[in-house]
Amino acid sequence: PGEPPAAAPGASFLPASAMDAADGGLGMPHVVHHGFAYAVLPPEDPDGRVQWNDESWQRMPAGWELAPTEPGILAGVVAAHGWSSLELHLAGGKVFGTKNSGPQWVGKEVPGAEGTLSSRSSSGAEPGACMEYKPGHKCFRILIRKQLLAAAPAAPQRLPADGAEQQLGELLREVPRLEDRTRQLEATSEDLRRALAAEQQEKQVLEARVDGMQGEMENLAR
């Protein structure tokens, strides 16, 4: 479909160099964003400056896919890193500017670049890696992603056998102390009940005396 689009203005270039981003066991340099690992084809440093690619066919690794054009991905993945390129191909055929692009293109769709990503079925590919892609320009790369497995919940912490025995011994030694305290509280409760009964009896005596004195006063008044 004609000549590839011109690179976005405002970028600076360095010759290709060795990648210095760790692959984290995923086989290529990447960044992690909201549970997905993001990388580019051809693989390069996510925070590297622009390096030309050879516009060769790139096989999609097993378990990876073209990154979708969601706003969070454009802001947190495409615009936040240089990806050793000027622009990135995403799913749907659109191209967006990286951090290395001119200010007007960072995280934005590049006009005239849509549809320049080539794709084909690969031959003799490993299972799950049956597609090949080719960037539309030597300063473009292809943004891909892979969902990361959720971390397994931590196993409950178990005490060593001797530690468990020690705790059990401490609990058993605590039982007699609790029983003694219970007996003390019960004895205290009994003392309180007796004191309350004595106060009730004394109150009744006083009320009877008051009634008697009131009767005598009424008789004198007559």
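Applying the condition of being under 23 Å from S119 (Cβ atoms) and modelled with pLDDT of 90 or more to the stretch 47-58 and asking which residue is farthest from the chain's Cα centre (by Cα) yields W57.
Table: residues versus (1) buried (at least 16 other Cβ atoms within 10 Å of the Cβ); (2) modelled with pLDDT under 95; (3) within 26 Å of C130 (Cβ to Cβ).
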| site | (1), (2), (3) |
| --- | --- |
| M28 | yes, yes, yes |
| H34 | no, yes, no |
| P43 | yes, yes, yes |
| E114 | no, yes, yes |
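Of the numbered criteria (1) under 27 Å from the mean Cα position of the chain (by Cα); (2) closer than 18 Å to Q58 by Cα; (3) open to solvent by 70 Å² or more (accessible area, probe 1.4 Å), the one S121 fails is (1). In this entry, A62 is excluded by the filter for residues that are assigned to a loop (DSSP other than H, G, I, E, B), without any contact (Cβ under 8 Å) to a residue 40 or more places away in the chain, aliphatic (A, V, I, L, M) and open to solvent by 30 Å² or more (accessible area, probe 1.4 Å).
When P1 is tested against (1) modelled with pLDDT of 85 or more; (2) open to solvent by 60 Å² or more (accessible area, probe 1.4 Å); (3) touching a Ser or Thr at 6+ places or on another chain (Cβ under 8 Å), just one condition goes unmet, and that condition is (1).
Here is a list: V110, V78, V95. Which entry is open to solvent by less than 30 Å² (accessible area, probe 1.4 Å) and within 25 Å of the chain's Cα centre (by Cα)? Don't jump to the end; show me each part of the working.
Numbers: V110 fails: within 25 Å of the chain's Cα centre (by Cα); V95 fails: within 25 Å of the chain's Cα centre (by Cα).
The match here is V78.
Among the criteria (1) at pLDDT 90 or above; (2) open to solvent by less than 20 Å² (accessible area, probe 1.4 Å), the one A129 does not fulfil is (1).
The values are calculated or read from the model by the stated rules, or taken from the named source; none is laboratory data. Keep in mind that what you see is a predicted model, and the values were worked out from it rather than measured. No Cβ is skipped: glycine too gets one built from the backbone with ideal geometry, and neighbour counts run over all protein chains shown. The area values use the complete protein model at the heavy-atom level, side chains included, leaving out ligands, DNA and RNA. Shrake-Rupley method; radii C 1.70, N 1.55, O 1.52, S 1.80 Å.
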